[in-house]
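One structure is given here, and the rest of the page talks about it.
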Amino acid sequence: MRPKHWVKNLFVLAPVIFSGLLDSKVAIVDAFLAMVLFCIASSVTYVFNDYMDIESDRQHPIKSKRPLASGDISKQAAIILICILYSVIIVLGMFNKNVFSVVVSYVLLNIAYSLYLKHQPVLDIFTIAIGFVLRVYAGAVAIQVPLSAWMFITTFSLALFLASIKRRQEILKSNAMSRNVLRFYTVPLMNRYAEMSSICALLFYSLFVISVNTEMVITIPFVIFGLYRYWFVVEGNGRGESPADVLFEDYQLQLSILLWVASCIYIIWI
């Protein structure tokens, strides 16, 4: 279920920070419920994906240690867990049917990813990025505010950057047998994808904060540092296959994100 990867679902809370509703207990509760739904949805997605990838994961130096690939958990137990998690999503989704529809879209997208899209070059990266956009959209739907066009394109660009780096590191650290789509990619191509995506993310974020509140320009250096630091860790330490692992293992990256969040909240709310 990879609880460490639930950190990605913090994207669901982004609309609360920028919406002007951070002082609303109802909005905060609704946003957190949406985040919980995405934690469950992402967990069932991981279980389903691991179930589909048992054989290829066994050929990967790291993925071979996962419960299904290593044989610690049987296929039957995985199926039961998938059914339980789907049931929990349905029950919790009844509290907010609009958010539930977004979560269902996310689940269906990832089923398509596990069965087909992850084998298609470029489409695989874009599917991962759309998953992050759906998280932000769910947060906006939960608190009943429109999703900013700037937030949409910024999130999409940042997710493309993370996905490109992920594929780059997979090429360097594993063979094509562990993921068929890798045979279509090269490290120089992934570098170009990552560079273009990071530039777009920075550009669109800068335009976003300037259009919303010019005082928020002071948050831009934290974003730049975060991008620089992430790429430094990837290059220097050979990380990047898992963005969550990079985040949890580098205190400077953690600090830059905390300072960004704190400065955004301070400027918007103080």
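The values are calculated or read from the model by the stated rules, or taken from the named source; none is laboratory data. Just so it is clear, the model here is predicted, and its values are computed rather than measured. As a convention, Cβ positions derive from the backbone with ideal geometry for all residues, glycine included, and neighbour counts pool all protein chains shown.
Kindly indicate whether any position in the range 205-224 is of a type in the set (Val, Ile, Thr) and in contact with a Gly (Cβ under 8 Å, 6 or more places away or on another chain). Full working, then the answer.
Here is the first cut: in the range 205-224, the residues of a type in the set (Val, Ile, Thr) are 209-210, 212, 214, 217-220, 223-224.
Okay, now just the ones that are also in contact with a Gly (Cβ under 8 Å, 6 or more places away or on another chain), so none.
No, the range 205-224 has no match at all.
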Legend entry - Residue count for the range 236-256, restricted to those that are buried (at least 18 other Cβ atoms within 10 Å of the Cβ) and without any contact (Cβ under 8 Å) to a residue 40 or more places away in the chain: 3
Legend entry - Residues located in the range 90-106, provided they are surrounded by fewer than 19 Cβ atoms within 10 Å (Cβ to Cβ) and either within 19 Å of the chain's Cα centre (by Cα) or within 16 Å of TYR193 (Cβ to Cβ) (or both): SER101, VAL104, SER105
Legend entry - The one condition in (1) free of Cβ contacts under 8 Å to residues at least 40 places away in the same chain; (2) closer than 27 Å to SER148 by Cα that VAL233 fails to fulfil: (2)
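Looking at the range 236-251, which of its residues are modelled with pLDDT of 80 or more and of a type in the set (D, E, K, R)?
First pass over the range 236-251, keeping only residues modelled with pLDDT of 80 or more: 244-251.
Passing the criteria: ASP245, GLU249, ASP250.
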Inset, instruction - Report the residue count in the range 4-32 for those that are more than 13 Å from the chain's Cα centre (by Cα) and either under 17 Å from VAL102 (Cα atoms) or assigned to a helix (DSSP H, G or I) (or both). - result: 13
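If I ask for residues that are surrounded by fewer than 19 Cβ atoms within 10 Å (Cβ to Cβ) and of a type in the set (Asp, Glu), which ones from the range 7-34 would you list?
Kept after step one, since they are surrounded by fewer than 19 Cβ atoms within 10 Å (Cβ to Cβ), are these residues of the range 7-34: 7, 10, 17, 20-26, 28-29, 32-33.
Within the range 7-34, ASP23 is the sole residue that qualifies.
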